[in-house]
Amino acid sequence: LFRSRVKVSSEEVKDYYDNNLAAYTSKPLWRVAHILLDKQDPKLQEKIATIKQQLAAGKDFAQLAKEYSIDTESVKKGGDLGWVIPGELGDKLETAISSLSKQQPNSQPVTTKYGVHLLHFLAKREKHLEPLNLVAAEIKSVLLEHKVAEEYSALREQIGIVAYEASDTLDELSQQFA
């Protein structure tokens, strides 16, 4: 009933988009792999040195992860943790991850409650703004729902006023809102 009476213009969609750009801006993402080592391992420093040497010699990080990592899940994927959103992994790991790049893909050891991590940069997606044409239908739907709710609320208020003023009979109410 209300949807047929409510319209959303392209200008309204554009204004909403312009006033809510943060909602349509994605966060930066990092794709990283790690080798997780047991911090209680008596040969920890030896393993770290060996891994660093092998990386410097050009050995594949994924292969080293499969060989050395104690993370039973990521080891199946060569240590790949997938896409990581800032705020997910804790300050120590994120500080190390943010310093990684294609030119400097490997981190120094990072100790957390889980163990000692050696991180490897795989990719980074910078934050970006979704184009209006990709989110316009979603915005139009949001604005339409908002307008429908406003129409419904206004009609309820009008019905309440008329019903109160013509409290003896509902004839006027039925005539006005039929």
| note | Filtering the stretch 60-72 for residues that are open to solvent by 40 Å² or more (accessible area, probe 1.4 Å) and modelled with pLDDT of 95 or more leaves a count of 6
| Is there a residue being of a type outside the set (A, V, I, L, M, F, W, C), within 29 Å of Ser99 (Cβ to Cβ), in a loop (DSSP other than H, G, I, E, B) and open to solvent by less than 70 Å² (accessible area, probe 1.4 Å) anywhere in the stretch 13-22? | no
| task | Would you check which residues across the stretch 19-67 are touching a Gly at 6+ places or on another chain (Cβ under 7 Å) and of a type in the set (A, V, I, L, M, F, W, C) and list them? | result | Ala33, Ile35, Leu36, Leu37, Phe61, Ala62, Ala65
| Pairs, first within 26 Å of Ala65 (Cβ to Cβ) and modelled with pLDDT of 95 or more in the stretch 9-37, second part of a helix (DSSP H, G or I) and open to solvent by 50 Å² or more (accessible area, probe 1.4 Å), C-beta under 8 Å, six or more apart | Ala33/Lys77; Leu37/Lys47
| note | Of the residues in the stretch 1-37, those that are basic (Lys, Arg) and under 30 Å from Leu122 (Cα atoms) come to Lys27, Arg31
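The values are calculated or read from the model by the stated rules, or taken from the named source; none is laboratory data. Every value quoted in this text rests on a predicted model; they were computed, and no experiment measured them. Ideal geometry is used to build each Cβ from the backbone, glycine not excepted, and the neighbour counts take in all protein chains shown. Each accessible area value is taken on the protein alone, full model and side chains, heavy atoms only, with ligands, DNA and RNA left out. Shrake-Rupley method; radii C 1.70, N 1.55, O 1.52, S 1.80 Å.
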